[in-house]
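Beneath this line is the structure, given in structure tokens, with notes to follow.
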DNA sequence: GTGGTCTAGACCACT
DNA sequence: GTGGTCTAGACCACG
């Protein structure tokens, strides 16, 4: 994985894992890779993974069982999660872009045009 | 003004001024307050204002005239810049969000729904 | 049974069994379930039960008889132990709490109030 | 300061600072020692202080201002804080001790006796 | 100088 | 082997 330099790695990794859960890469009740394994996969320090797992637990996505491992929480509504993520992005995107004087309609037009390539 | 704690103050101030220019608070070719004045207005360190002005100049919103002060750039640059910025944002946004399995149409639908508030 | 995630399971199980002994679920001189049985009942690893039984024996609540099993200790030891434990807890508790400027009388008042629920 | 070995240092330091705020050692709106200073005072690693400050901010006790420092939040009701701490301790203490079969009255009696020394 | 992030490496408690 | 804690030391963005 490639990390941008702007936002902290642990935030990027957190959002990546959220996305992956939303997309079904990690199933409910399934064991996540151990912190050390994930550290290798994600190419970061195990402590960073620890932090990410802790935050995801705080947010209700993961559950840790001492001495056993970290598991995907069983009370996650994947669809809800996906929508949540998308809405958050939209909100941020619009905040970024509306003040430049384009309307939502114009923005949407540009998005649909883009399909053909700028 | 109140600043959040999450994003750096200079970013928040920069976006505020952009918005104010877009909304006509600072007119084209008009002189901006000096860094020290703006520092008082915005309740930040003068160094922070310097930084903000420099970044806004880099983005084409402001123009510095030595010994005279900082002025709002003329319209043409702005329009060009706006489109450029919007396109860049859209590209990044779509890359982030299409990945979750929503189509451009669905995204646009959500954006337009959002106008009514989530 | 549900275990919290904060404190180690073996502590939670230990306190549960203590409570159960105090409340008469396991009678004095009665045989406790074997570690394997208890492991099934308590839904934990047999090793964890071993550890718990060992600690409870150390505290005088249980007695192991080789080849026979683990039994609830006789009453006398228990009473003695209880007072000892309580005194120790009180001492620690007061050290923690008097420091904040409350007197013993105030503390007691709060404790008695608490019976009605905070 | 002496740390027990049972609970993590960052928890102990967090509770200590809470107590100190409650007792007025650190006044409202006052700047806390920098993480590095506090690290020396508390004889721990600066990262540990960071963690403590972050948690205390999460709980609303502290406010960090980027590049400036960490400050005691201005919306703290010290008396309320003190009571909160004491109540928490009482709750934990009683949970520990009631199951041994003593009533609240007996506990209080022991506490008041203790004043004269066990 | 301030807090924030990250790494490497260590030790520990838990299962 | 698992997560949790802690240290030492580094680098960076911020004001």
Test for residue B:44: is it in contact with a helix residue (DSSP H, G or I) (Cβ under 8 Å, 6 or more places away or on another chain), at pLDDT 85 or above and within 12 Å of another protein chain (Cβ to nearest Cβ): yes
Answer from C:14, C:38, C:32 - the residue that is closer than 22 Å to residue D:94 by Cβ, touching a helix residue (DSSP H, G or I) at 6+ places or on another chain (Cβ under 8 Å) and surrounded by 14 or more Cβ atoms within 10 Å (Cβ to Cβ): C:14
Extreme residue, nearest to DNA strand F (Cβ to nearest atom), among residues of segment C:1-26 that are within 15 Å of the chain's Cα centre (by Cα) and touching a residue at least 40 places away in the same chain (Cβ under 8 Å): C:10
Residue ID - farthest from DNA strand E (Cβ to nearest atom), chosen from residues in segment D:29-53 that are in contact with a strand residue (DSSP E or B) (Cβ under 8 Å, 6 or more places away or on another chain) and without any contact (Cβ under 8 Å) to a residue 40 or more places away in the chain: D:53
Selection count, segment D:54-89, where residues are more than 12 Å from DNA strand E (Cβ to nearest atom) and closer than 23 Å to residue A:50 by Cβ: 1
Qualifying position, being modelled with pLDDT under 90 and within 16 Å of DNA strand F (Cβ to nearest atom), among A:57, A:106: A:57
Residue among A:68, A:100, A:56 that alone is free of Cβ contacts under 8 Å to residues at least 60 places away in the same chain, surrounded by 18 or more Cβ atoms within 10 Å (Cβ to Cβ) and more than 14 Å from chain B (Cβ to nearest Cβ): A:56
Segment C:17-29, residues that are surrounded by fewer than 16 Cβ atoms within 10 Å (Cβ to Cβ) and on the phi < 0 side of the Ramachandran plot: C:19, C:20, C:23, C:25, C:27, C:28
Of the criteria (1) surrounded by 15 or more Cβ atoms within 10 Å (Cβ to Cβ); (2) within 8 Å of another protein chain (Cβ to nearest Cβ), which one residue A:81 fails: (2)
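The values are calculated or read from the model by the stated rules, or taken from the named source; none is laboratory data. All of these numbers come straight from a predicted model, not from anything done at the bench. Virtual Cβ from ideal backbone geometry, glycine too; neighbours counted across all protein chains shown.
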